[in-house]
1. Among the residues of the stretch 154-187, write down those that are of a type in the set (Val, Ile, Thr) and crowded, with 19+ Cβ neighbours inside 10 Å.
2. Could you figure out which of (1) within 20 Å of the chain's Cα centre (by Cα); (2) surrounded by fewer than 16 Cβ atoms within 10 Å (Cβ to Cβ); (3) over 20 Å from residue 167 (Cβ atoms) isn't true of residue 42?
3. Can you tell me which residues in the stretch 143-157 are under 11 Å from residue 202 (Cα atoms) and touching a Leu at 6+ places or on another chain (Cβ under 7 Å)?
4. Within the stretch 196-212, how many residues are open to solvent by 30 Å² or more (accessible area, probe 1.4 Å) and either under 17 Å from the mean Cα position of the chain (by Cα) or among the aliphatic types (A, V, I, L, M) (or both)?
5. May I ask you to verify whether residue 136 is away from the ligand (no atom under 16 Å from the Cβ), farther than 26 Å from residue 11 by Cβ and open to solvent by less than 20 Å² (accessible area, probe 1.4 Å)?
6. So residue 62 passes all but one of these: (1) more than 17 Å from residue 108 (Cα to Cα); (2) of a type outside the set (Ser, Thr, Tyr); (3) surrounded by 13 or more Cβ atoms within 10 Å (Cβ to Cβ). Which condition number does it fail?
7. Identify all residues within the stretch 1-56 that are touching a residue at least 40 places away in the same chain (Cβ under 8 Å), in a loop (DSSP other than H, G, I, E, B), away from the ligand (no atom under 11 Å from the Cβ) and within 15 Å of residue 70 (Cβ to Cβ); write none if there are none.
8. On the given criteria, is residue 78 farther than 29 Å from residue 223 by Cβ and more than 12 Å from the ligand (Cβ to nearest atom)?
Amino acid sequence: MSRSAFTLDGAEVPFDDGQTLIEAARAARRYVPFLCAHPDYPAHGSCRVCTVLVNGRPMAACTTKAAAGQVVESDTPALTADRRALVQMLFVEGNHFCPGCEKSGGCTLQSLGIELGVTSAGFAHESPVRPVDASHPDLLLDFDRCILCELCVRASADVDGKHVFALSGRGLHKHLIVNAESGRLVDTGMSVDDAAASVCPVGVILKKRVGFSTPIGQRPHDVATPRQQVEGKEGA
Ligand code: FES
């Protein structure tokens, strides 16, 4: 592997052949905002939160390969405004009530909203009617919070080998489904120990009997937000 470099907001970032911009930035402890990207899974490129300017052109940092000499901009007022609007759209597209959500304090969408200074919905609430699946003895599914990142789909297929989840429909009608004739999680082979049970970045897949057990101040993103995890800094 050869090492080359690009610049990210003026700082030099080295990369190995084949690395994406976000992988190289992460290795250099430089944070580029993300939602659907996960270091353990191939890039998905669906949320566009990681969009940066590469030599002046908007590109998704999680799917764009690093190349020597690229001039990459991420921390600009315009990109921050775009990310804020994306997060607002995700919030109004589902039913997100952070104070009452078990994932609060460990939700990437919530943390990104706080980081971007999202204080209002910005758009009309869709208020969709979606079911909750409490059929499984150890897991609960709240489809209200799905951001269609497909991490559970990928984890269940690629790591667990079970294909428990899938996305169905197109465009505005795209939604997460359970691969069982009944459509219920209890009728799949899913286990609480599966990778898919722990990979959800929001509050769709929840483990029963552990909700709210971590005190405020000790929850994952109280200890280190996604930015702080990348930059290697602990929270205050
Ligand atoms: Fe890159 Fe979602 S993190 S498109």
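1. We begin by selecting, within the stretch 154-187, every residue of a type in the set (Val, Ile, Thr); these are 159, 164, 177-178, 186.
Residues satisfying the conditions are 164, 178.
2. So residue 42 meets the others, but not (3).
3. Passing the criteria: 143, 146, 147, 148, 149.
4. First, pick out the residues of the stretch 196-212 that are open to solvent by 30 Å² or more (accessible area, probe 1.4 Å): 198, 207-212.
Adding the requirement that they be either under 17 Å from the mean Cα position of the chain (by Cα) or among the aliphatic types (A, V, I, L, M) (or both) leaves 198, 210.
Result for the stretch 196-212: 2.
5. Numbers: away from the ligand (no atom under 16 Å from the Cβ): yes; farther than 26 Å from residue 11 by Cβ: yes; open to solvent by less than 20 Å² (accessible area, probe 1.4 Å): yes.
So residue 136 passes the test.
6. (1)
7. 9, 18, 19, 30
8. On the way: farther than 29 Å from residue 223 by Cβ: yes; more than 12 Å from the ligand (Cβ to nearest atom): yes.
So residue 78 fits the description; yes.
The values are calculated or read from the model by the stated rules, or taken from the named source; none is laboratory data. Since the model is a prediction, treat every value here as computed from it, not as a measurement. Cβ atoms come from the backbone with ideal geometry, glycine included; neighbour counts cover every protein chain shown. Ligands, DNA and RNA are excluded from the accessible area calculation, which covers all protein heavy atoms including side chains. Shrake-Rupley method; radii C 1.70, N 1.55, O 1.52, S 1.80 Å.
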